[in-house]
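The values are calculated or read from the model by the stated rules, or taken from the named source; none is laboratory data. Owing to the predicted nature of the structure, the values given are computational and were not obtained by experimental measurement. Glycine also receives a Cβ, built like all others from the backbone with ideal geometry; neighbour counts cover every protein chain displayed. The area values use the complete protein model at the heavy-atom level, side chains included, leaving out ligands, DNA and RNA. Shrake-Rupley method; radii C 1.70, N 1.55, O 1.52, S 1.80 Å.
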Amino acid sequence: MTDEHLDQLVRDADPNRPDVIGYLDGAQQTLLEEIMSVPTLQRVLEPPPHPTTPRSIVRRTAGPLAAAALFAGILAVPAMLPDHRDDRPAVPTGTPIVYSAAAIKAAEENPRLLINQPGWTVTTVYGFAKQQGTIAFRNGQAELEMNWYPADAYDDFYADRLRASKPEPVTIDSWPGHLFTYSAGDFAVMLRPRDGVFVELRTRSRWTRDTFQRLLTDVVRVDARTWLAALPAEVVTPDRVAAEAAIALADVPLPPRFDIASLGHIGINDPYQFGTAVTGRVGCAWVSEWLRAKRIGDDAALKQASDALLSSHKWRVLHQMNEKGDWPEVFWGIADKVAAGSPPIGYVQALGCD
């Protein structure tokens, strides 16, 4: 990665850059999430062909097989859910799975929408914290993302979608919303705010109007345990964060006063997104320590922080992620610049620092 490439990534991740201010209005808070999942950094309210979902630079799209390989299991909606209204429970199947209170709470605070139709595979899960998250599904060549955001961003998103087409009223499992058409095979449905969030369903590749509208009749809202049971086993839920973080950070030098328990609020994430969240927070803490040491002239602490950041080139977790996406390259580029004495503008946004 060249300095120019890194600088561009960091500039693109900065919601305060001049070309974004005023364009995002109330949705700026979602831009920061754009560092992690599909191919290119775009603005959250990008016009057609695809308004982006959160976290959009780092995971490479290496084709359907690579995406499906991340989560090999078919979406585990038991047999077909019973046909009744909101928060339908799972069909009893053998010994029930016990979920922690933290996992149940994270699920209950989000919309919990699933596709009640066989053949759909979960390919991406992340967020589910601070009323924001994404779950993506795939069935053959058809892909569907469900993204949700805080309700106070709804008006800005809705106004932007009006640039695509006139809204058409639709209902998904008794939840009213509007359908927008970007092209003959490209659609979005925005559901009205509910329980502090709103949801947007977004098609990606190989759709027709008829197939999309038929699918909408099979999108259902389920209870927390059914939703959690539908997630692939690899997904890290809040009850597993501490144990999985300890594994991910086994060879990672931790900054002074860094508490793994502080990672408990990163929500529910697939392994790749979990890795970005964990290493991002460690990186933020080391850069903060570097800046503190620089400010007070503590040469020993400055060297310790520089050495720790440079050691990231050997962190196992980043090398495991490197085949799936660009997050390690972004992290290493920032780490190298900080260690060289030149923290890049926008590193806070690029690493997702609070």
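Quick rundown of the values:
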read-out	value
Which of D156, D270 is most accessible, then next, and so on - probe 1.4 Å	D156, D270
Rounded accessible area per residue of segment 98-232, 1.4 Å, Å²	37
Area accessible to solvent at K324, 1.4 Å probe radius, in Å²	90
Probe 1.4 Å, all protein chains present, accessible-area order of E200, E329, largest first	E329, E200
Residues of segment 243-315: accessible area per residue with a 1.4 Å probe, Å²	43
Dimensionless Rg over Rh [segment 220-272; C-alpha; Kirkwood]	1.07
Accessible area of segment 179-230 belonging to carbon and sulfur atoms, whole % at 1.4 Å probe	46
Accessible surface of T211 - all protein chains present, 1.4 Å probe, nearest 10 Å²	50
Convex hull projection area averaged over all views, segment 120-217, Cα basis, nm²	6.1
Calculated from backbone phi, Karplus (6.51, -1.76, 1.60) coupling profile of segment 312-320 in Hz, x at Gly/Pro	4, 5, 10, 5, 4, 4, 5, 5, 5
Net charge, E244 excluded, C-beta distance under 12 Å - Lys, Arg +1, Asp, Glu -1	-2
Extent along principal axes [Cα atoms of segment 200-354; Å; largest to smallest]	64, 31, 26
